[in-house]
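Bear in mind that the values in this text are calculations on the coordinates, not laboratory data. Bear in mind the structure is a predicted one, so any value in this text is a computation, not a measurement. Note that each Cβ is placed from the backbone with ideal geometry, even for glycine, and that neighbours are counted across all protein chains shown.
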Amino acid sequence: MNAASFFYGFVAAVILVSVALSVAYLALSKARARKGDIKGYLDLIPDLTEEQRARLREIRTVFLPRVEGIRREMRLRRGELAELLFGEPADRERIYEVADGIIGKQSELEHEVIEHILEEKDLLTPAQKRRFYEIIVDQFSGGGLGVHDVRAGKKTGEAGRNR
């Protein structure tokens, strides 16, 4: 094999790999951008009117900071729980007290999401409500709070597959 053939083959391989990586990067960046736009279940309903979207933005200005505060408190309590679990000697009474506080915050988060869903549902037409119901069933089937729960069982993109 001569050096020129090797060189041309090598350059062709580099170009093909560069093109493949560029395509993969673009596809992943578009997917990330789409995922970043989803803040709630109604983002999965494409035919909302501008009036509905404006009202939804108003609702979220209250809801999103409230649930972020609850999540922050849960993270703090979980950190405290981790410290307590590995402290010597283990303070079982305090461990269970902190665990009960976490459970209370989880319950508070669930109630906030329920109220939010009921508030969002009131914005919708009957056809949109049917789609909303399908989204809720799909999201809740994963065992979490869906898009309102950062680590839900199902990925946000799956809920939009039946659009």
Applying 1/(1 + (r/R0)^6) with R0 = 45 Å to the Cβ-Cβ distance of Tyr133 and Ala13, what FRET efficiency is obtained, to the nearest 0.05? 0.30
For region 2-10, in residue order, the Karplus 3J(HN,Hα) values (coefficients 6.51, -1.76, 1.60; θ = phi - 60°; whole Hz; Gly and Pro = x) are 8, 5, 5, 4, 4, 4, 5, x, 5
Using a Förster distance of 45 Å, the FRET efficiency for Val23-Glu73 (Cβ separation, nearest 0.05): 0.55
Residue-ordered couplings for region 92-97, obtained by feeding phi - 60° into the Karplus form 6.51 cos²θ - 1.76 cosθ + 1.60 and rounding to whole Hz (Gly and Pro as x), are 4, 4, 5, 4, 6, 5
Over region 38-138, what is the relative contact order in percent, taking alpha-carbon pairs closer than 8 angstrom and at least six residues apart? 41 percent
At R0 = 45 Å, FRET efficiency that the Cβ-Cβ distance of Arg92 and Lys121 yields, to 0.05: 0.55
Net charge within 12 Å of Gly87 by Cβ-Cβ distance, Lys/Arg positive one each and Asp/Glu negative one each, not counting Gly87 itself? -2
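Taking every pair of alpha-carbon atoms in region 38-138, give the share separated by more than 16 Å as a whole percent.
Result for the distance tail: 63 percent.
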Take Ala4 and Arg66, extend 7 Å from each Cα along the Cα→Cβ direction, and tell me the distance between the two endpoints in nm. 7.5 nm
